[in-house]
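Structure record follows, encoded as structure tokens.
The values are calculated or read from the model by the stated rules, or taken from the named source; none is laboratory data. Remember, it's a predicted structure, so these values are computed and weren't measured experimentally. Every residue, glycine among them, receives a Cβ derived from its backbone with ideal geometry; neighbour counts consider all protein chains shown. Note: accessible area is taken over every heavy atom of the protein model, side chains too, but ligands, DNA and RNA are not part of it. Shrake-Rupley method; radii C 1.70, N 1.55, O 1.52, S 1.80 Å.
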Amino acid sequence: MKKFTMRIALLSAASFLASTAFAADLPSNTLYSQPQSYASPGTFSWTGFYAGLNLGYGWPKVDHDVYEAGSVNFPRLSKSEDGSFIFGLTAGYNYQVDPQFVVGAEGDLNFSKLKVSGGTIVPFAAGLNYQVSTKIDWYGTLRGRIGFLPSDRLMIYGTGGLAFADVDTGGVSTIVASGVAHTNKVTDSGVRFGWTLGLGAEYAITPNVTAKLAYDYVDVADDTAYFNSGGSRFVVKDDPSFQTIRLGVNYKF
């Protein structure tokens, strides 16, 4: 009986040691499972700095008003609007608040050839013709962003903030008196500030590369310039704004 009991104990001990050694060799995820958070391996995290390039197209709109100082406005100028390709640089920072929301800040600097030109014959100043044009060679924005994540790699966002642009408005007036044409010029150029609002979608292609499609509306401050022609003082006022659609690629550091 003692020998039999001893054999049972030895077999039990050997079985326990063998099963323990086998369990130690198994992958840990076969023993238990843990719930995964949005930042777990294999899930994209939007938190971090990024920089990139963008390319798109813009549509300008500038209302030009010309009138004699102290009088009512002349009819608004007839105009042509020249859209332009846009390219620029982007940089920003995102912070992923939870699995579905991202907040961040973004800035960009863009180059363009946006231009609006027009002209008219002033109805109560015989022989006076006025031509005016406004162009925007570059602009930039500083914006906040709020994003929603339908999936870990896709972000749909709204954005808005400060805008600034290099606006150059020039006018040429020609008046014919006694068969002689007299020409006067006026220019008004400089950086103006305003606001911007937009919407976009961004997708993470790899852990470090994202691509985006963005729409933005930009409105900068209007301004007034003066010129003298035919013994009268005239006023030219412009009010620039434009819309853009851009494709961009960002690298997340």
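Based on the Cβ-Cβ distance of L89 and D63, what FRET efficiency does E = 1/(1 + (r/R0)^6) give at R0 = 35 Å, to the nearest 0.05?
The calculated FRET efficiency here is 0.70.
For Q243 and T224 in one chain, what is 0.36 nm times their gap in residues minus the Cα-Cα distance, to one decimal in nm?
So the chain would gain 4.6 nm between Q243 and T224.
What order do K185, K252 take when sorted by accessible area (1.4 Å probe), most exposed first?
Greatest to least solvent exposure: K185, K252.
Which entries in K113/K212; K115/K185; K113/K185; K79/K212; K115/K252 show an alpha-carbon gap greater than 29 Å? Provide the component values of the computation, followed by the final result.
On the way: K113/K212 23 Å; K115/K185 18 Å; K113/K185 22 Å; K79/K212 33 Å; K115/K252 34 Å.
Result: K79/K212; K115/K252 exceed 29 Å.
Sticking with the crude label model, points 7 Å out along Cα→Cβ, report the distance from S151 to F253 in nm, one decimal please.
The two pseudo-label positions are separated by 2.9 nm.
So how far apart, in nm, are the two label points at H182 and T43 if each is 7 Å from Cα heading toward Cβ?
7.6
In straight Cα distance, which aspartates and glutamates are under 15 Å from K135, not counting same-chain residues fewer than 8 positions off?
Output for K135: D63, E81, D82, D166, D168, D188, D219, D222, D223, D238, D239.
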